[in-house]
1. Taking only complete DSSP H runs, can you tell me which helices of chain B stretch 20 Å or more along their own long axis by Cα positions and average at least -1.0 on the Kyte-Doolittle scale?
2. What net charge do the residues around A:Glu120 carry, taking every other residue with its C-beta under 11 Å from that of A:Glu120, with Lys and Arg at +1 and Asp and Glu at -1?
3. Over all residues in A:327-337, what is the mean tally of Cβ atoms on other chains that come within 10 Å of each residue's Cβ?
4. Anything losing 40 Å² or more of accessible area from the isolated chain to the full protein assembly: pick those residues out of the stretch B:378-393, probe 1.4 Å, ligands and DNA/RNA ignored.
5. Where only protein heavy atoms count, and the probe is 1.4 Å, what is the accessible area per residue for the protein assembly as shown in Å²?
6. Mind ranking B:13-23, A:59-69 by how tightly packed they are, going by the mean number of other C-beta atoms within 10 angstrom, highest first?
7. Classify the stretch B:332-408 as rounded, prolate or oblate from the Cα gyration tensor: take a ≥ b ≥ c as the square roots of its eigenvalues, call it rounded if a/c is under 1.5, otherwise prolate when a/b beats b/c and oblate if not.
8. How far apart are the A:Lys138 label points across copies, placing each 7 Å from Cα toward Cβ, in nm, shortest first?
Number of protein chains: 2
Amino acid sequence: MDFFKAVSVEDGQSAIASRLKGYALESEEVGISECRGRILSEDVVSRENIPGFNRSTVDGYAVDSRDSHGASSTIPSMLMLVEEVEMGSAPSKAISRGQTSYVPTGGMIPEGADSVVMIENAEKLDEENIMVYKAVSKGQNVILKGDDIREGEVVLPKGKRLTSHDIGVLATQGISKVKVHRKLRISIISTGDEIVDIDEPFETGKIRDINGYVLASRVEELGGEVERKVIVKDEFELLKREVAESLANSDIAIISGGSSVGAKDYTHDVINSFGGEGVFIHGVAVKPGKPTIVGMAGDKMVFGLPGHPSSSILLFNIFVKEAMNQINGTIEKEKSAYCVMDSNFPSSSGKRTYQMVSVYEENGELRAAPVFGKSGMITLLSKSDGYIEIEPHEEGVYSGDRRKVKYF
Amino acid sequence: MDFFKAVSVEDGQSAIASRLKGYALESEEVGISECRGRILSEDVVSRENIPGFNRSTVDGYAVDSRDSHGASSTIPSMLMLVEEVEMGSAPSKAISRGQTSYVPTGGMIPEGADSVVMIENAEKLDEENIMVYKAVSKGQNVILKGDDIREGEVVLPKGKRLTSHDIGVLATQGISKVKVHRKLRISIISTGDEIVDIDEPFETGKIRDINGYVLASRVEELGGEVERKVIVKDEFELLKREVAESLANSDIAIISGGSSVGAKDYTHDVINSFGGEGVFIHGVAVKPGKPTIVGMAGDKMVFGLPGHPSSSILLFNIFVKEAMNQINGTIEKEKSAYCVMDSNFPSSSGKRTYQMVSVYEENGELRAAPVFGKSGMITLLSKSDGYIEIEPHEEGVYSGDRRKVKYF
C-alpha cells in the first residue's frame with residue numbers, strides 16, 4: 001500500500017476538477033416541459049425583443065404624455081378617442097397630439113403614444129371624447145419594446161441548471177426545446193461482507209445498504225442518472241469485476257463502504273489495476289470522512305467513499321458533486337444563511353470539521369443548533385437542515401458566534 | 001359583479017386552508033427509489049432498533065473499559081484474545097474481565113464489552129495476547145443498540161416531503177415501500193385573446209403563453225401533477241367548458257391571465273356558475289398581484305391568478321402552494337436568510353409588497369440587492385434568488401436594514 005498525505009478539501013477539489021477539464025459530455029435536446037433540473041450545454045440567446053411591442057401595463061388611454069400635463073380632477077385634459085385597440089391585435093391608427101386610443105392591460109400602444117392614463121383617472125364623455133384627470137410621465141404604465149429582454153442578449157448562460165423561472169424565459173422567446181447535457185451516468189457500488197439489500201433476509205451482525213439508496217437519490221437530485229447500483233463482498237476480484245462493468249457504461253463510479261483496513265486496500269488496488277493514473281487522493285483532512293479515495297481508472301474517475309452514511313454523503317457533496325459540476329460546467333448559487341450558534345461545540349484541529357446543524361428562528365434571527373451523533377448515525381442527516389464548516393486552525397465554535405450555514 | 005374587499009395574505013391563506021381541511025387524498029405505495037419529493041401520508045414508525053446491535057465505530061479490540069483503565073504506552077494492560085469477530089457475523093463468545101475480541105469497524109461487539117480500543121492503541125503480541133496502550137471510557141468507539149433509532153419511534157412524520165436523507169432512514173429500517181399521498185392533479189388554464197402557445201405562429205400584439213409553462217413546472221416541483229394545460233380565449237362559455245373539463249379529473253384548477261376588466265368578470269362568473277360557495281377571495285392586498293380570485297366551484301377550489309408572470313408565480317407561491325400543502329398536510333421548513341439590504345427602495349403602503357432580490361456575499365455577510373422591473377417582466381424572476389416581504393404599514397426599506405429573504 002502506498003502512503004499518501006491527507007489533502008485539504010480545496011486541494012482535493014482542484015485535483016478532481018483539473019483531471020475532468022477535458023471530459024466531453026454530449027448534448028441532447030429536451031422539450032421545455034421536461035427540462036427542469038437539466039443543465040444547459042450552450043448559451044440561450046434571445047431571438048427577439050420582449051416585449052415585442054410597446055405594451056400597456058394597465059387598462060387605460062394611450063397618450064402623448066405632454067397632453068396630460070397639468071391635468072387634474074378640477075381641470076381635466078380633453079382628448080379625442082381614435083380607436084379601441086383590441087387585445088392581441090395591433091392598433092390600426094397612430095395618434096397625434098390631442099388624440100388617444102383605449103388599450104387594455106397587455107395590449108399594444110399605438111405609434112405616437114408614450115404612456116397610458118389608467119382608466120380610473122379618465123372618463124369617457126361620449127364615443128369621441130375622453131377627459132383625463134391626472135398627468136402621466138413619459139413611459140408611465142408602459143413596458144417598452146425590449147425592456148425585459150433585448151434581442152441577441154444571453155438570457156440563460158451555458159451551465160445554468162434550469163428552474164421553473166428559467167422555463168418562463170424560454171417560453172417568452174417561443175423556445176420549445178433546449179440543448180442540455182445528457183445526464184451523467186453514475187454507478188454506485190456498496191461494498192462490505194456485512195451489507196445486505198433492504199429486501200434481503202436480515203440477520204444479526206448485518207447492516208442494510210443505506211448508502212446505495214441515499215447516494216442514488218442524491219445523484220438523481222443533482223440531475224444525474226444511476227446506471228447501476230450493486231452490493232459486493234469485500235474481495236478484490238469481485239470488486240474489480242463490478243468496477244469494470246460499471247465503468248463500461250458510466251461516467252463515474254462510486255464505491256461506498258469498505259471502511260475496514262482490508263477493504264480500503266482493495267478499493268485502492270482495484271482503482272490502480274485499470275491502468276491510467278490510479279489513485280491520486282487517499283485521505284482527506286476532514287471530519288467526518290477521512291477514509292476517502294479518489295482515482296482515475298483508465299480515463300474514468302472512481303470515488304471510494306466512507307461507509308458511514310453521514311460521512312459518505314458529506315464526501316459525496318464535497319467531491320462527487322464537484323466532479324459532476326465540473327463535467328457539466330454547472331453555474332449554481334448555493335443557498336446559505338449566517339446564523340447565530342446556540343451552543344459551544346468543539347472541532348478537530350488539523351482537519352476541517354463539517355458540523356451538521358438544525359436551523360430555527362427566534363426573536364427575528366436565525367439560530368443554529370448542532371446535531372450531534374456518531375458519524376454512523378443516519379438520523380444525523382435527516383434531522384439537519386445544513387452544515388457549518390469549521391476550519392482546521394479553529395478549536396470549535398462558541399455560543400453566540402455568527403457562522404455561515406450551507407443549506408442541504 | 002359583486003364587490004369584495006381585498007384581503008390580507010394571512011386572511012386569504014386561512015380562508016383557503018379552512019375550506020380544504022376535509023379534502024381527502026388517497027394514498028399510494030411507492031418504492032424507496034422513487035419516493036424522493038413525495039409526501040408521506042402516514043407516520044413512519046421504526047420497526048427495529050438501529051443499530052440492531054452494539055456496534056464498533058473503529059477497527060479495534062472490544063473490552064470491558066475497566067480493564068483499560070490506567071493503561072499507557074509505558075504500562076500497557078495485557079488482555080487475552082478470545083475471538084476475531086468477522087464483519088457481518090455475530091460474535092460466538094462473550095468476553096469476561098481480562099479478555100478481548102477483535103472487532104472491525106461496523107462489526108458487532110461481544111457481550112461483556114462496553115467499549116473498543118482502536119487498533120492503533122494496541123498491539124498483538126501473539127495469537128492469544130493483546131497489549132492495550134490507552135484507556136477507553138465506557139461506550140467509547142461504540143454505537144449502542146438503538147442509539148440512532150429506537151424501535152417504535154416515529155422516524156419520519158406524516159406530511160414530510162421525502163429527501164434523499166429520509167430515504168436513508170427508510171433503508172436503515174429495511175422499508176422498501178412507503179405510503180405517500182397520490183400526486184395532486186392540477187389543471188392550468190391560460191386565458192386571453194392575445195395568448196398563443198410557444199410553437200404557434202406569432203404576430204404583433206400577441207403574447208406567448210408563459211404562465212402555463214412556469215406554473216406547470218412549479219406544480220411538478222412541489223410534487224403535483226399537471227392534469228391539463230390549455231389556452232382559452234376570453235369568452236364565458238369557452239372558459240366555463242374548460243373549467244368543467246378540468247375539474248372533472250383535477251383536484252385544483254388554476255386560471256391564469258385575464259387581467260383586463262372584462263376577463264376578471266368572466267373568471268368570477270365562471271367560478272360562481274358551478275354551484276357551491278363560489279368566489280370567496282376577490283383581490284388581495286399585495287403588490288404585485290392584486291387581481292386574484294379564489295373560489296369553490298362545487299367542491300373543488302379554483303384560483304384566478306394575475307396574467308403578469310411574476311405576479312402569477314408570486315400568488316401561486318402564496319395561495320396555491322398553501323392549498324397544496326394543506327391538502328397534503330405538508331410539513332416543510334422554508335430556507336431563508338437575514339440579509340443586509342444594499343439600497344433604499346419604496347413599497348406600497350396599505351399592501352404587503354413582495355420585493356424580489358438577488359443575494360450575494362460580501363465581507364462575510366449576505367447582502368440583498370432589489371431586482372426591479374415592471375411586473376410583466378419574466379426576467380424579474382430568473383434574476384432573483386428570493387424575495388423579502390414589506391408590510392403594509394412600512395414605507396419601504398432602507399439601505400443597511402437587515403431583512404429576511406425567503407429563498408425560492
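The values are calculated or read from the model by the stated rules, or taken from the named source; none is laboratory data. Computed from a prediction, not measured in an experiment: that's the story for all the values here. We place every Cβ from the backbone using ideal geometry, glycine too, and count neighbours over all the protein chains shown. Accessible surface is based on the protein model in full, side chains and every heavy atom, while ligands, DNA and RNA are left aside. Shrake-Rupley method; radii C 1.70, N 1.55, O 1.52, S 1.80 Å.
1. Those that clear 20 Å and a mean of -1.0 are B:236-249.
2. My count for the surroundings of A:Glu120 gives -1.
3. 3
4. B:Ile378, B:Thr379, B:Ser382
5. Ligands and nucleic acids excluded, the figure is 40 Å² per residue.
6. A:59-69, B:13-23
7. The shape class here is rounded.
8. 8.5
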